[in-house]
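The values are calculated or read from the model by the stated rules, or taken from the named source; none is laboratory data. These numbers were taken from a predicted model, which means no experiment stands behind them. Every residue, glycine as well, gets a Cβ built from its backbone with ideal geometry; the counts of neighbours run over all protein chains shown. The area values use the complete protein model at the heavy-atom level, side chains included, leaving out ligands, DNA and RNA. Shrake-Rupley method; radii C 1.70, N 1.55, O 1.52, S 1.80 Å.
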Amino acid sequence: MHRSIDLIRQNIPGSLAVLCIVALLGTPESVTPQTTATDPLSGKLAITGASTLAPLIAEIGKRFENLYPKVRVDVQTGGSSRGVADTRQGLADIGMVSRVMKDEEKDLHAFPVARDGVAIILHKENPVQALTDEQVVTIYKGKITDWKDVGGKHAPITVVNKAEGRSTVEVFLHYFRLKNTDVRAHVVIGDNEQGIKTVAGNRHAIGYVSIGTAEYDESQGVPIKLLSVGGVAASTETVRNGTFPMSRPLHLVTRTVPVGLAKAFIEYAQSKAVHDIIKQQYFVPLVD
């Protein structure tokens, strides 16, 4: 960004330079579709959608900008549903969707870039080390409300659920065969980091988030722990070997067959050139 602004200042005098800088900075919630440019590897690329994918795509975007200094990649979150809606409406060049594509989304072109899983998390100091699928269901239905009933200390359970429109909640509900109306939540959160902060700040809370995000935060000393699901450890390794039951593909989507800048970025995001970034973000590349 700063490099792009410096280039404008050096090459475009006066008020025109100011206008260009304002255009580059934009506003936090606004997106602008890809600008038309003679050079296919120049211009702005607007990408919106899943918060799970956003940190990964932002890092890939930074490397892409370094390779092509005339390109700016703008990444904004808002959930997979926003990624689908913005792409359909032409508000974004590329959408981010962190789940299997639905039958009603066949009008979009989907490109997998990595895999992830959904992990159940507790505070690190919660003595409960495992929960059966049935116990998770009864906790989320509000039929078990005290940790002593599942092997913990006497304390009320704080159920943390995700807001509708997030892919993580859809993967969670599908695996446990729940409806969102079945869930008796005490806290409803948005993105993965918000879910992790909520559980890390409440020793009696239970939540579920992206495995990649949870593993990364746990490695950074955040006081959470990941529980097994169906007897399988929640980790990027079990996602990689295909044994973890709540795993999912991470997609980039477009409204039409991608061309020009969008095509180049998607091909780059699917290439081995970014596998190191995918692993650093605790996701699983499609092919090692």
Report summary line: the chain: relative contact order from alpha carbon pairs under 8 Å, six or more residues apart, as a whole percent, is 24 percent
Report summary line: Expressed as a percent, the portion of alpha-carbon pairs in the range 50-123 spaced more than 14 Å apart is 65 percent
Query raised in the report: Cβ under 10 Å from ILE189's Cβ, ILE189 left aside: what net charge do those residues give with Lys, Arg +1 and Asp, Glu -1?
Result: +1
Requested in this report: Taking 7 Å along the Cα-to-C-beta vector as the label spot, tell me the LYS106-LYS141 distance in nanometres, rounded to one decimal.
Outcome: 3.5 nm
Query raised in the report: Counting every Cα pair in the range 109-173, what percent are over 16 Å apart?
Result: 55 percent
Report summary line: Note on the range 165-288: contact order normalised by length, alpha-carbon pairs under 8 Å, 6 or more apart, percent, works out to 21 percent
Report task. Using the Kirkwood radius over Cα pairs, work out the Stokes-Einstein diffusion coefficient for the chain at 20 °C and 1.002 mPa s, in µm²/s as a whole number. Result -> 106 µm²/s
Report summary line: Of all lysine pairs in the range 79-184 that are eight or more residues apart or on different chains, those with Cα atoms under 22 Å apart total 12
Report summary line: Carbon and sulfur atoms account, in whole percent of the 1.4 Å probe accessible area of the range 79-187, for 49 percent
Query - Rounded to whole Å, sorted largest first: equivalent-ellipsoid semi-axes of the range 178-277, Cα gyration tensor - result: 30, 18, 15
Requested in this report: Mind checking the per residue accessible area of the range 187-288 for me, 1.4 Å probe, whole number of Å²?
Outcome: 42 Å²
**Report entry** Whole-Å distance, taken between Cα centres, linking the range 65-141 and the range 213-288
**Finding:** 10 Å
Query raised in the report: In nm, to one decimal, how far is the modelled label at SER42 from the one at GLN220, with both set 7 Å along Cα→Cβ?
Result: 3.6 nm
Query raised in the report: Percent antiparallel among DSSP beta bridges with both residues in the chain, to the nearest 5?
Result: 60 percent
Report summary line: Here, chymotrypsin sites (Phe, Trp or Tyr not before Pro) of the range 130-231 satisfying both criteria (DSSP loop; at most 16 other Cβ within 10 Å) are none
Query raised in the report: Tell me, what is the 1.4 Å probe accessible area of ARG184, in Å² to the nearest 10?
Result: 130 Å²
Requested in this report: Let me know the charge dipole size of the range 150-246 about its Cα centre in debye, to the nearest 20, where only the beta-carbon of Lys, Arg (+1) and Asp, Glu (-1) is charged.
Outcome: 340 debye
Query raised in the report: Can you list, bin by bin at 10 Å, the percent of alpha carbon pairs in the range 69-111, starting at 0?
Result: 26, 55, 16, 3
Query - Simple spin-label estimate for HIS154 and ALA130 in nanometres, 7 Å along Cα-Cβ - result: 2.7 nm
